[in-house]
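The values are calculated or read from the model by the stated rules, or taken from the named source; none is laboratory data. These numbers were taken from a predicted model, which means no experiment stands behind them. Methodologically, a virtual Cβ is constructed for each residue, glycine included, from the backbone with ideal geometry; neighbour enumeration extends over all protein chains shown. Each accessible area value is taken on the protein alone, full model and side chains, heavy atoms only, with ligands, DNA and RNA left out. Shrake-Rupley method; radii C 1.70, N 1.55, O 1.52, S 1.80 Å.
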There are 4 protein chains.
Amino acid sequence: MPDTFPLDPGDPETAIAAAAKRCSNWGRWGSDDVHGTLNFLDDNKRRAAAALIRRGASFSLAQSFDANGPQKGWRRRTNPVHTMLDTGVDAERGNQGFPHGLGGADDVIFMPLQASTQWDGLGHIFDHGMAWNGRRAGDVVTSEGDLVTGIQTATGRISGRGVLLDVGRAIGEIDELPDGFAIMTEHLTATMKAQGASSMVGRGDLLLVRTGRLARARREGWGDYAGGASPGLSFTTADWLHGSEIAGIATDTWGFEVRPNEFDVAFQPLHQVVIPHIGLYIGELWDLDALAADCAADGVYEFWLSAEPLPVTGAVGAPVAPVAVK
Amino acid sequence: MPDTFPLDPGDPETAIAAAAKRCSNWGRWGSDDVHGTLNFLDDNKRRAAAALIRRGASFSLAQSFDANGPQKGWRRRTNPVHTMLDTGVDAERGNQGFPHGLGGADDVIFMPLQASTQWDGLGHIFDHGMAWNGRRAGDVVTSEGDLVTGIQTATGRISGRGVLLDVGRAIGEIDELPDGFAIMTEHLTATMKAQGASSMVGRGDLLLVRTGRLARARREGWGDYAGGASPGLSFTTADWLHGSEIAGIATDTWGFEVRPNEFDVAFQPLHQVVIPHIGLYIGELWDLDALAADCAADGVYEFWLSAEPLPVTGAVGAPVAPVAVK
Amino acid sequence: MPDTFPLDPGDPETAIAAAAKRCSNWGRWGSDDVHGTLNFLDDNKRRAAAALIRRGASFSLAQSFDANGPQKGWRRRTNPVHTMLDTGVDAERGNQGFPHGLGGADDVIFMPLQASTQWDGLGHIFDHGMAWNGRRAGDVVTSEGDLVTGIQTATGRISGRGVLLDVGRAIGEIDELPDGFAIMTEHLTATMKAQGASSMVGRGDLLLVRTGRLARARREGWGDYAGGASPGLSFTTADWLHGSEIAGIATDTWGFEVRPNEFDVAFQPLHQVVIPHIGLYIGELWDLDALAADCAADGVYEFWLSAEPLPVTGAVGAPVAPVAVK
Amino acid sequence: MPDTFPLDPGDPETAIAAAAKRCSNWGRWGSDDVHGTLNFLDDNKRRAAAALIRRGASFSLAQSFDANGPQKGWRRRTNPVHTMLDTGVDAERGNQGFPHGLGGADDVIFMPLQASTQWDGLGHIFDHGMAWNGRRAGDVVTSEGDLVTGIQTATGRISGRGVLLDVGRAIGEIDELPDGFAIMTEHLTATMKAQGASSMVGRGDLLLVRTGRLARARREGWGDYAGGASPGLSFTTADWLHGSEIAGIATDTWGFEVRPNEFDVAFQPLHQVVIPHIGLYIGELWDLDALAADCAADGVYEFWLSAEPLPVTGAVGAPVAPVAVK
C-alpha cells in the first residue's frame, strides 16, 4: 500500500485551496445551514441503526475528565480542575447546617472544552478567515462565542450507526500505528476489507478510527499525547472524507490528523479543509479500546452510537460521553 | 385521588428513618457496590429497549448550559461561564500566527456540575453522615472528590428504556402542575393509566416525570425555578420508587421533590432516602417538553434513552446531554 | 453651583470627539508609552508622599471578594467563586495522607477581574477602535489578552500621595449623593474648599472620590449597585481630569461615571475619553468609608496610598487591595 | 558556620512537638485572636517605617500571574488561566453593540490562590488537626472556606518596615544558594552582620529572605521550582522566627522551607510549627531580585513595604502584589 505523500510538501496553501474547492459543501444544505455533515444523519438512518443493538452490550468511549489528563497547557488548554463546594467529610462532621441529618456534596469544574473527549464544532476552525458555509469568521465566533454554529445546534443529532475502523489492529504492529503514520485512503479501505462486511462505511455514518495511540499512552504515560507526534489521518483523505458522506468522524488521538503534519511548515491542514469546507464533525480524544476489543472478538464493527455533545451555548466544541451499544 | 400528606409534618426524622429502613438496598449488590439502581439496567434490558426505536426521531432532553440559566448562587451554584481562548475575529484579522491561513477558536467553561441538566451521583446526598451502601460519608467524598462512587462509575451504564410520565398533562391544568403540588404514588399510577400500555414502568427503566414546571419558567422567566416553589415528587413515593426497581428517574424541575417540602422544617427529605438508601440515580433540570409533545401526539410514551453523564472523575453529579429516540 | 449638562444630550459623538481632542495625551510620553498618567507619579512625588504617614494608621480600601458581591452577570461579570482544594475538616479527620500530623488547606478562585475593587487598565476601553496612545484596539487586546498595556505594566507604580474628596459628605445629604447625581468640576472644587488645604489635588496624585453610594448599598442591600443608577463623575469633568494631571482616580461606585449617563443614548462616555485619550487609570468598587470617617474626624484628607494591581499578565484590569496610611 | 541538622532526622514528630511547645503563641493575644504575628505590626511600627522612604524608588515584589508560571498541578495547584470576556479585536470590528463608538475589553481568571506570589493565611496549615490559637481545624476551614482566620482579616495590616536578608548574596556563590541548602539561624545572623545596621531584624518587621532560587529559575527555566529541591529555611530556625517577633516572612522560593526537608520522611515540618503555633504569616513565590540589586548597590536593606493580600473572603492564602519603597 502506498503511503507516500503525493503533494508538494513545501506548498500547503495550494494543496489546501485545491482540496477545499474539490470538497466544498458550502450551500449544499442552503445558505442558512448550521449542521454540515450532520445533515446526512437523518431519522431513517437512525431507525436503521437501531437494528445494530443485538446484545445490549454498551461501551463508554469517553476518556476521563480530570487533572491527570494529557493536556500540557498549549494555548491555555489545561486539564480539567474539579473542586468541591460541599463534601461528605463536612456532612459527617455536622458542619453543614441542614435539618434532619441531611448532608450533601456539590462540585464545580473549570475546563477547556477541548480538554478531553470532545466534538469539534463547525466554528472551531477557519480557512483564511472564512467559516463553515462561507461565513466570515468574525461574524461567527466572537468573544461571546459561536453566534451561529454553536455546538448546541448539534445536540439531539448525533445518534445513529457507528462503524469502527481499527486501523491500528488491521495495519499496525501490536495493534498500534507508530507516531507519524499517515492513514491514507488505502489504509481505510484495506481495514474495511480486513474487517468484513459490517465495517462498510456510508452516508450518515459516525466513523470511529482507532490508531492505538491512546493504548500506547495508557501504557507508557501521556508524554506528548496532547500535541506531539501521533498517527492520524493523512491530508490526502480529504476527498474520501467528503465523498463518503459520513456524518462525523472520531479518533483516539489528540488531533485527528497525523502529526507531524505532512507539509514542511504546517499546522493541522486537514482540519482547514474538513471543518470549514466539508462541514464535518470531528471527535478527538475518544477511547476506542474496549469497543475495539469487543469488535475484534465478535467480528462485528458496526453498532448504535449516541454521542450528544454537552450543549454549551456558543461553544466551538464540547465534551461528550459517547456510548456504543452492540 | 388523595393528595394529603399521611405523615407527621412535624417529625421528618422519624419518617425518614422509617422510609430508609423499608427501602434500603444496602448490601443488595454486595458491600463493594458503587452502582446502586443502575444494577437494574442490564444488557438484556438494553437489548429489549432497542425495539423502541421505531421512527428514528430523536429528542434532546438537555437544557442549555450558559450564563442565562436559572441558578441564583445558592451554595455557590452559579450559572456556567463560557469564555473564549481564541476567536474567529482574531482569526479573520490575522492575529493568531498559524501558517497557511489556518484560524482557530477554542473555549473554556467554569460551571457547577449541578448548574444545568444533570445526574446526581450516589455521593451527592448523605443521611446522618452515611453514604450509599452503608459507607461513612467522610470516607467517600472528601475535598478530593468522591473517591468511591464518583460519577465516572456510571458512564456507559445509562442507556436503555425510557418512559415518560407526563403528570403535568395527565393531572394538571394547562398541562402543568402548580407549585407545591406533591406528586403522590396515585398520581403516577393514574398517569400510567391515562397514557396507556406504553407507559408501564418496571425494573431497569429510566423514568422521566414531567411536571410542566420548566414550560412555565420558559413562559414566565426563571424566577425561583432554581430552589423555589415547585411541583415534584412527594416524600411518600419513596416506597414506590424502591419497589418499582427503576434504574433512574429524572424531572423537569430543579429539585426532583415537591417544594416547599412536605415537612414543616425540612430540606429535600426524599433525597435523603432515595440516594443513600435506595441508591437511586436522580436527574434534574431536564427538558422534557419536546419529547412530551411527541408522546402526546402519537400516544407512545416509551423510547430508547441514552443519558451518559460526563465522566468527571470523582464528581458527585455531572452534566448530561440525554437523548430520547422513538 | 451649576449642575446642568452644558452639552447636547442628543449628540454624544460630537461631545466625545471634542473632549478627546482637547484632552488627548497621545504621544506625550513617546509613541511606545504604556503607562499613561502613571507617568505623573514619579519617585519625587512618592518621596514627598511619605511625609503624609503621621500616625501609622492604615485603612484598607478594598471591598471583599466573594460570592455575596454586587455583580449580576452583566456581560458575564459574575461574583467571585472561591472553592477549597483541601480543608481543615479533611485534615482533622486524617484524610490527607501527609506525614507527622501535618494538615493543609488550599483554595482556588474564579472571578472576573472587574468583579470587585479594581483598576481599569489602559486596554479596558477603546474609542472607535483605537486604544491608548493611538494604537489600534485589535493590535492591543486580542483573545490572548492585552499584548501591550497589560495591567502588569502598572505594578510597582501605584504608590504615592492619595487625596480623598468626600463629595458625598461635602455636598450630599446624610453624607451621600443621590443616584443620577453628576459630580461637576464645581463640586470637586467646592469639596476641596470645604475640606481645606490637605485636599488640594495636583500632579501625580491618586484621587479618591467618595459619593456615599457604597454606604447606601451596605445599608440597603446591593440592589442595582452594579450597573444601575448611581452618582458619579460628570462627562464634563474630562477637562479637569486632564488638566489636573492626576495619576489615577478611584470611586466607591461600580462605574466611576454618573449613571444614567448624561447623554440620551450613551454608555460610559467619560470612560471613552479618559482611558484611551488621557491614559488615566480608573479605580472602581473601592471602599472609602472607613478612611472618609477618619478624614472627617481629623480634617486631614491626604495620605500615603499603595494600590498595586495584581499583575495578571495581559489583563485589562485587575483586582487590587489598596491601603491608605495616615 | 554549622549547617548540620542537630535533630534526629528519623523523628520529626518529637521535634515538631517540642518546637511547637517552645514557640507557641496560643492565647498570647487572647482566645479570639485571628491575627497572629500581625499583632506585632502596629501603628507605631508603621509610622516609624515611613522614615525609610528616602528616595521614593519603588520595587514590585510580585511574580507574574499567568499560564507560564511554575506550577505543575501538585494537589491541583495549576497556573492561572486568564481569558477574555471582550476584546479590542471585537471592538475594532464593531462587534460589540455599544453606542457612540465605545469599545471595551473585560477578562476573567481562574487560579489557585497559591499559584503565584502569595501570603499563607493562618488557616493554611494544621498540626494534628489543630489550627492557629488552639482551634480545631474542622471548626476553622470547611468546604465553605476559612470561617475564622480567612485572609480578609489581614487586609490593611501588612504595611510597615521591610528588611531584606539576602542570604544568597551573603553566603552563596554567584549570589545564589544551592538546592537543599538549609538556612540556619547562623546564616541569618551572619547575613545581618555582613549587610550592616540597616538589616537588623526586630519586632513587627516584615522579613524578606532571598535565596537566589528564583534567579536560577529565571535563568534555567522553571524545572522543579514549584515543589522540587530548593534552598530555604531550616526547621531549626523556628525558635529564632518565634523570638524575633517578626510580623511576617517571605522568600523567593515555592515553599519557604529547605527542600528536601531535613527529616527523613517529612513534608514542610517548619510550616507545621510556624503557622498554627507561632501564628506567623509566610509569603512565598516573591520576586526579590530587583530590590536585592538595589540594596546591594546602596547598602540599605530596610524599606517601606506594603503587601496587602487580596481579601478573598474565607481564603487560606491569597495573591498579593507587594511593593517595597526606599
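In the stretch D:111-125, the count of residues that are open to solvent by less than 10 Å² (accessible area, probe 1.4 Å) and part of a helix (DSSP H, G or I) is zero. Selection over the stretch C:212-259 of residues that are basic (Lys, Arg) and either part of a strand (DSSP E or B) or farther than 19 Å from C:LEU291 by Cβ (or both) gives a count of 1. Looking only at the stretch D:240-264, residues that are open to solvent by 10 Å² or more (accessible area, probe 1.4 Å) and in contact with a Lys or Arg (Cβ under 6 Å, 6 or more places away or on another chain) come to 1 in all.
Taking the criterion of being touching a Ser or Thr at 6+ places or on another chain (Cβ under 6 Å) and farther than 28 Å from D:SER58 by Cα, the residues of the stretch C:143-182 that qualify are C:SER143, C:VAL167, C:GLY168, C:ALA170, C:LEU177, C:ASP179, C:ALA182. Filter the stretch C:110-134 down to the residues that are more than 25 Å from D:GLY101 (Cβ to Cβ) and not hydroxyl-bearing (Ser, Thr, Tyr), then identify the one that is farthest from the other protein chains (Cβ to nearest Cβ). Taking the candidates together, the pick is C:ALA115. Of the residues making up the stretch C:193-204, those that are outside any loop (DSSP other than H, G, I, E, B) and more than 22 Å from C:ILE158 (Cβ to Cβ) are C:LYS193, C:ALA194, C:GLN195, C:ALA197. Restricting attention to the stretch B:59-68, the residues that are touching a strand residue (DSSP E or B) at 6+ places or on another chain (Cβ under 7 Å) and either more than 7 Å from chain A (Cβ to nearest Cβ) or within 16 Å of B:TYR301 (Cβ to Cβ) (or both) total 3. Taking every residue in the stretch D:135-146 that is within 7 Å of chain C (Cβ to nearest Cβ) and pairing it with any residue that is of a type in the set (A, V, I, L, M, F, W, C) and open to solvent by 10 Å² or more (accessible area, probe 1.4 Å), at least 6 positions away or on another chain, the pairs with Cβ-Cβ distances below 7 Å are D:ARG136/D:MET130; D:ALA137/C:ALA91; D:ALA137/D:MET130; D:VAL140/D:LEU147; D:VAL140/D:VAL148. Selection within the stretch D:93-107: residues that are crowded, with 24+ Cβ neighbours inside 10 Å and not in a loop (DSSP other than H, G, I, E, B). The member of this set that is farthest from the chain's Cα centre (by Cα) is D:GLY103.
When C:LEU280, C:LEU291 are checked against the criterion of being surrounded by 24 or more Cβ atoms within 10 Å (Cβ to Cβ), of a type in the set (A, V, I, L, M, F, W, C) and closer than 19 Å to D:PRO309 by Cα, C:LEU291 stands alone in meeting it. Based on this model, can you work out whether A:ASP32 counts as open to solvent by 30 Å² or more (accessible area, probe 1.4 Å), more than 23 Å from B:GLY145 (Cα to Cα), within 10 Å of another protein chain (Cβ to nearest Cβ) and under 26 Å from the mean Cα position of the chain (by Cα)? It is false that A:ASP32 is open to solvent by 30 Å² or more (accessible area, probe 1.4 Å), more than 23 Å from B:GLY145 (Cα to Cα), within 10 Å of another protein chain (Cβ to nearest Cβ) and under 26 Å from the mean Cα position of the chain (by Cα). Only a single item in (1) crowded, with 22+ Cβ neighbours inside 10 Å; (2) more than 23 Å from D:SER116 (Cα to Cα) is not met by D:ALA297, and it is number (1).
Cβ-Cβ contacts under 7 Å between residues 6 or more apart (or on different chains), taken from a first residue in the stretch C:188-206 that is on the phi > 0 side of the Ramachandran plot to a second residue that is part of a helix (DSSP H, G or I) and of a type in the set (Lys, Arg), are listed as C:GLY204/C:LYS45. Tallying residues that are part of a loop (DSSP other than H, G, I, E, B) and over 21 Å from the mean Cα position of the chain (by Cα) within the stretch C:135-171 yields 3. Total residues in the stretch D:227-238 satisfying the condition of being under 21 Å from D:GLN71 (Cβ atoms) and either of a type in the set (Phe, Trp, Tyr) or open to solvent by 20 Å² or more (accessible area, probe 1.4 Å) (or both): the figure is 2. Only strands (runs of 3 or more DSSP E) whose full extent lies in the stretch A:277-326 are considered here, and the ones with at least 1 residues that are of a type in the set (D, E, K, R) and under 21 Å from A:ASN39 (Cα atoms) are A:281-284, A:302-306. Scoring D:TRP132 on the criteria (1) touching a residue at least 24 places away in the same chain (Cβ under 8 Å); (2) in contact with a helix residue (DSSP H, G or I) (Cβ under 8 Å, 6 or more places away or on another chain); (3) at positive phi leaves a single failure, condition (3).
Does D:PHE267 satisfy the criteria of being over 25 Å from D:HIS35 (Cβ atoms), outside any helix (DSSP H, G or I), over 15 Å from the mean Cα position of the chain (by Cα) and among the aromatic types (Phe, Trp, Tyr)? Answer is yes for this residue. Only a single criterion out of (1) closer than 30 Å to A:GLU262 by Cβ; (2) open to solvent by 60 Å² or more (accessible area, probe 1.4 Å); (3) free of Cβ contacts under 8 Å to residues at least 12 places away in the same chain is not satisfied by A:ASP43, namely (1).
If the condition is being free of Cβ contacts under 8 Å to residues at least 24 places away in the same chain, over 30 Å from D:ARG136 (Cβ atoms) and at the interface with chain B (Cβ under 8 Å from one of its Cβ atoms), then the stretch A:69-103 contributes only A:ARG75. Here B:TRP74, B:TRP132 are screened, and the one residue that is open to solvent by less than 10 Å² (accessible area, probe 1.4 Å), of a type outside the set (Val, Ile, Thr) and within 19 Å of the chain's Cα centre (by Cα) is B:TRP132.
Scan the stretch C:51-63 and tell me whether some residue there is in contact with a Ser or Thr (Cβ under 8 Å, 6 or more places away or on another chain) and basic (Lys, Arg). Checked against the condition, which is being in contact with a Ser or Thr (Cβ under 8 Å, 6 or more places away or on another chain) and basic (Lys, Arg), the stretch C:51-63 yields no hits at all. The number of residues in the stretch A:51-68 being touching a residue at least 12 places away in the same chain (Cβ under 8 Å), outside any loop (DSSP other than H, G, I, E, B) and open to solvent by 10 Å² or more (accessible area, probe 1.4 Å) comes to 5. Looking at this structure, is D:ARG161 open to solvent by 20 Å² or more (accessible area, probe 1.4 Å) and either without any contact (Cβ under 8 Å) to a residue 60 or more places away in the chain or within 14 Å of chain C (Cβ to nearest Cβ) (or both)? Against the criterion (open to solvent by 20 Å² or more (accessible area, probe 1.4 Å) and either without any contact (Cβ under 8 Å) to a residue 60 or more places away in the chain or within 14 Å of chain C (Cβ to nearest Cβ) (or both)), D:ARG161 qualifies.
Only a single criterion out of (1) aliphatic (A, V, I, L, M); (2) assigned to a strand (DSSP E or B); (3) in contact with a Lys or Arg (Cβ under 9 Å, 6 or more places away or on another chain) is not satisfied by C:LEU208, namely (3). Against the list (1) closer than 29 Å to B:GLY228 by Cα; (2) surrounded by 22 or more Cβ atoms within 10 Å (Cβ to Cβ), the condition B:GLY172 fails is (2). Selection of the stretch D:158-200 for residues being of a type in the set (Asp, Glu) and at pLDDT 95 or above yields D:ASP166, D:GLU176, D:ASP179, D:GLU186.
All told, A:GLU262 falls short of being assigned to a loop (DSSP other than H, G, I, E, B), closer than 26 Å to A:SER306 by Cβ and of a type in the set (Asp, Glu).
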